[in-house]
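Encoded as structure tokens, the structure appears first; notes follow it.
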Amino acid sequence: MTATNAPAVTGKGPASSARGRADVDPLGGLRTPQDPPWDVYLTGTVFLDIIFTGLDSAPVRGTESWARGMGSSPGGVANMAAALSRLGLKTCLAAAFGDDHYGDYCWDALEQGEGIDLTPSRTVPGWHSPVTVSMAYEGERTMVSHGHEPPPEEPAPDCPPYARAAVAALTPGKPAPWIAQAAAKGTRIFADVGWDDTGAWDLAGLADLEHCEAFLPNAEEAMRYTGTTCPRAAAHALTARVPLAVVTLGAEGAYAVDRRTGETAEVPAIEVEALDPTGAGDVFVAGFVTGTLAGWPLADRLAFAGLTAALSVQEFGGSLSAPGWSEVAAWWRRVQSVDDQDPAALRRYAFLADLIPATTRPWPLRRAVPTIGFRRSA
């Protein structure tokens, strides 16, 4: 998005650092003693992500390429968990962890580094951690993954803990019992979906959609599932199955329709230098969930989700790049200092002024480390 329709930022975005607590509690004014213990519940597969950066081009067959940078972090469902936790939501994750050093590293990074509750998670004896190697170049990434399916009882517990919300990745033709169980307890379910490798694109195959409050596919997925040729028309069609449809439009931003209120909203994307899109979709969902639980207007929720996603693509990696409130605050203060900034563009994000504290931690920060298992000095 350019300065004519929303705040624009040029140059490299903020770096990040490990964190156990957020600078802002977006639900602070809403919390009561009767609240569930967790704001968001997640379940899924945790990968160890190894990210090579500083590649000028794709590796060439039969040659050796040297990367100028490298990072390691938990990936997979950990991308979403980290994004939610850094935005101040109390996050609970049920996942299987490998019985190896990689699994220990991921567990420690999520529990100690990100403040994520892993009570329903467990280590599976004899099972090694899934691994993804990601190579980022030219604003895109190439990934190679390896792993084995965990035992069938892993990782989701029979009875998910009660939480304000849960984020579910729907799989065509494969209902997940925990989704209906969580919804029956009053948990608000936010769902996304991956590419349908079967090519069926049958909306009826997403049986768990009936338990969801919101569905957040990208434009191509939304159009294929609804048989439409316009993503905005697809969003309206999806509200026949789910109360709130949010369709991401890539460089054009996002569009949402709320069937319950009849409200629609569209917010353009923020124009940034994209270094690595890994995890941007997870960060968008995390931003939208945060705004929804906080009770923000629909357009503000879309704007915040788009902002957090834009900040994330300016850094490398999945969970490594998810922004926290320090990064949001730094962006907001920077765009206000631009002399020729369009006042109308700033008004779109004026709601941030009441959320960001007067002081935040020093910026920029750093999360990525190049390796695993540094010896600690005495």
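The values are calculated or read from the model by the stated rules, or taken from the named source; none is laboratory data. Computed from a predicted model, the values in this text were never measured in an experiment. All Cβ positions, even for glycine, are placed from backbone atoms using ideal geometry, and neighbour counts span all protein chains on display. What goes into the accessible areas is simple: the full protein's heavy atoms, side chains included, and nothing from ligands, DNA or RNA. Shrake-Rupley method; radii C 1.70, N 1.55, O 1.52, S 1.80 Å.
Could you please let me know if Tyr255 is of a type in the set (Ser, Thr, Tyr), closer than 16 Å to Arg301 by Cα and either open to solvent by 50 Å² or more (accessible area, probe 1.4 Å) or not in a loop (DSSP other than H, G, I, E, B) (or both)? Judged against the criteria, Tyr255 is a match.
Filtering the stretch 24-68 to residues that are of a type in the set (Ser, Thr, Tyr) and closer than 24 Å to Pro323 by Cβ leaves Tyr41, Thr43, Thr45, Thr53.
Here's the yes/no breakdown for (1) part of a helix (DSSP H, G or I); (2) free of Cβ contacts under 8 Å to residues at least 24 places away in the same chain; (3) loosely packed, with under 15 Cβ neighbours inside 10 Å:
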position	(1), (2), (3)
Thr63	no, yes, yes
Ser73	no, no, no
Met80	yes, no, no
Ala96	no, no, no
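For Val289, are the conditions met, namely being farther than 17 Å from Phe190 by Cα and hydrophobic (A, V, I, L, M, F, W, C)? Here the answer is no, as Val289 does not meet what is asked. I'm checking my understanding of the structure. Among residues of the stretch 283-341 that are among the charged types (D, E, K, R), over 22 Å from Val257 (Cβ atoms) and part of a helix (DSSP H, G or I), which one is most open to solvent (accessible area, probe 1.4 Å)? The extreme case among them is Arg333. The single residue among Leu89, Leu84 that is of a type outside the set (Lys, Arg), under 26 Å from Val167 (Cα atoms) and in a helix (DSSP H, G or I) turns out to be Leu84. Pairs linking a residue in the stretch 38-61 that is on the phi < 0 side of the Ramachandran plot and assigned to a strand (DSSP E or B) to a residue that is among the polar types (S, T, N, Q) and open to solvent by 20 Å² or more (accessible area, probe 1.4 Å), with Cβ atoms under 9 Å and 6 or more positions apart or on different chains, are Phe47/Ser145; Phe52/Ser65. Per the conditions (1) open to solvent by less than 30 Å² (accessible area, probe 1.4 Å); (2) among the hydrophobic types (A, V, I, L, M, F, W, C); (3) over 20 Å from the mean Cα position of the chain (by Cα), the sole criterion not satisfied by Val144 is (1). Within the stretch 269-281, is there a residue that is over 21 Å from Met80 (Cα atoms) and touching a strand residue (DSSP E or B) at 6+ places or on another chain (Cβ under 9 Å)? No, the conditions are met nowhere in the stretch 269-281.
Taking the criterion of being crowded, with 22+ Cβ neighbours inside 10 Å and over 12 Å from Tyr162 (Cβ atoms), the residues of the stretch 33-57 that qualify are Leu42, Thr43, Val46, Phe47, Leu48, Asp49, Ile51. Residues in the stretch 224-252 that are open to solvent by less than 20 Å² (accessible area, probe 1.4 Å) and among the small types (Gly, Ala, Ser) were compared, and the one that is nearest to Val283 (Cα to Cα) is Ala245. A single entry from Gly199, Gly126, Gly173, Gly186 fulfils the requirement of being open to solvent by 30 Å² or more (accessible area, probe 1.4 Å), assigned to a loop (DSSP other than H, G, I, E, B), in contact with a Gly (Cβ under 8 Å, 6 or more places away or on another chain) and of a type outside the set (Asp, Glu): Gly173. Within the stretch 342-354, if we keep just the residues that are open to solvent by 10 Å² or more (accessible area, probe 1.4 Å) and among the aliphatic types (A, V, I, L, M), the residue that is farthest from Gly279 (Cα to Cα) turns out to be Ala344.
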